Every structure is written in structure tokens, then in C-alpha cells.
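Here the structure comes first, spelled out in C-alpha cells, and everything after it is commentary.
The values are calculated or read from the model by the stated rules, or taken from the named source; none is laboratory data. Computed from a predicted structure; not experimentally measured. Ideal geometry is used to build each Cβ from the backbone, glycine not excepted, and the neighbour counts take in all protein chains shown. What goes into the accessible areas is simple: the full protein's heavy atoms, side chains included, and nothing from ligands, DNA or RNA. Shrake-Rupley method; radii C 1.70, N 1.55, O 1.52, S 1.80 Å.
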Amino acid sequence: MNNINTNRRQHYRITDLVKVGLQVIAKESEQEVIEDITQGLTHSSLARINSEVEIAIDSVSTQHKDVQAALQALNRKLDLVVGAINLHPSHTLREQTISLGFGGCRLLTDVELGKDQAVDLTIVLADSQRLRLFARVVDVKAQAEQDSGGYEVALQFQAMSKVTAATLEKHIMLFLSQ
């Protein structure tokens, strides 16, 4: 039975040249990122982040670690604003060939990730459609070749908007029908 499930997964998996960007998500920020990805920019998310920024900035002068918290909150706020104008958060996009399916993908990265690490993933398809997903690392393999200097990472998609899900499904089905 397991072999049948594996074959089905392979049937709906494509190899595609896309632009990819990923950003590691801190454990304490996972829920906020999931909400941002699934719900998009909302007034309440901006208000929540503004509140975080004000609190963090008020305490910057008392402790050095608060500077980091303030900057992280500001970055999340900027990510939301940038997302609202159809740009992507701060991570760099890199063109590469990935293995892509409905439930996840396999790609190369220079970032060493641990199993179960959460990431904010962006995939820009050839037709410039931008997919933003919350994913978790399920497998990591260091590349044997010295020149590649990276890691092959398997990611499982765990959250995306309904629009992203529909776009991903349409893209894969169109790719398979060619």
C-alpha cells in the first residue's frame, strides 16, 4: 500500500524552474506568520505589530536585547506592507529547479536548516505568479559536491491562502497536461 501512495505522490509532482526565497521563522512568530500568509494584510495584524513596535521601542534604552525585538517587529511590519503592494518580504529570491507537488517541494538552499524548522517560503512561477506558503522542513541532506555548498531540503506545506492553493493546483495540473 505504501508503494501505491508513493507512486500517487510522484504522479502529481513536477520539476519546474522557478524563483524561490525562504526565510526562517522563529518558533514564537509561527502563528503570526501563518495568519499573515493565510489571511493577508489585515488592519488587526498591522495594529498588533504597531503595538509590538511601540512596546519594544519604549524598552530599547533599558536592555540591548530589546533592540533586536524592536527590529524584528519592524521587519514583520514592513513585510506586511511590502506584501500588500505585491512585493515580497526581505528574503532574496533565487532562480532554481525544484521538485514541486501539492503538499510540498524539494529545493536547494545555502541556509542550514534543521528538521521541523518553520520557513516562510515564496515561489515565483514562470508567469510571475507569486505563491507564499508556510512550510516545515521534513528532510535535509548536505550536498556532497564542494561547489554546490548547500543543502537539499524537503519542505512540507502547512499553510497557504485559498488563492495560493488554487494557483498551485492549476499550475501543477497545467504543467502535467503539457
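Being surrounded by 14 or more Cβ atoms within 10 Å (Cβ to Cβ), modelled with pLDDT under 65, in contact with a Leu (Cβ under 7 Å, 6 or more places away or on another chain) and within 30 Å of His171 (Cα to Cα) is the requirement here; does Leu80 meet it?
Against the criterion (surrounded by 14 or more Cβ atoms within 10 Å (Cβ to Cβ), modelled with pLDDT under 65, in contact with a Leu (Cβ under 7 Å, 6 or more places away or on another chain) and within 30 Å of His171 (Cα to Cα)), Leu80 does not qualify.
Need the failing condition index for Gln39 against (1) modelled with pLDDT under 75; (2) farther than 25 Å from Leu108 by Cβ; (3) of a type in the set (S, T, N, Q), just the number.
Of (1) modelled with pLDDT under 75; (2) farther than 25 Å from Leu108 by Cβ; (3) of a type in the set (S, T, N, Q), only one is false for Gln39: (1).
Quick one: would you say Glu152 is of a type outside the set (Lys, Arg), farther than 13 Å from Gly21 by Cβ and either out of contact with any strand residue (DSSP E or B) (no Cβ under 9 Å at 6 or more places or on another chain) or open to solvent by 80 Å² or more (accessible area, probe 1.4 Å) (or both)?
no
What is the number of the single condition among (1) open to solvent by 20 Å² or more (accessible area, probe 1.4 Å); (2) at pLDDT 75 or above that His91 does not meet?
So the condition that His91 fails would be (2).
Somewhere in the stretch 99-109, is a residue among the polar types (S, T, N, Q) and either closer than 17 Å to Glu28 by Cα or modelled with pLDDT of 75 or more (or both)?
Yes: one or more hits.
Kindly check whether there is at least one residue in the stretch 128-144 that is open to solvent by less than 20 Å² (accessible area, probe 1.4 Å) and more than 24 Å from Glu35 (Cβ to Cβ).
No, there is no match, as no residue in the stretch 128-144 is open to solvent by less than 20 Å² (accessible area, probe 1.4 Å) and more than 24 Å from Glu35 (Cβ to Cβ).
Looking at (1) surrounded by fewer than 16 Cβ atoms within 10 Å (Cβ to Cβ); (2) at pLDDT below 85; (3) within 21 Å of Ala159 (Cβ to Cβ); (4) not small (Gly, Ala, Ser), which is the only condition Gln72 fails?
(1)
How many residues are within 21 Å of Phe175 (Cα to Cα) and open to solvent by less than 20 Å² (accessible area, probe 1.4 Å) when one looks only at the stretch 11-33?
Qualifying residue count, the stretch 11-33: 4.
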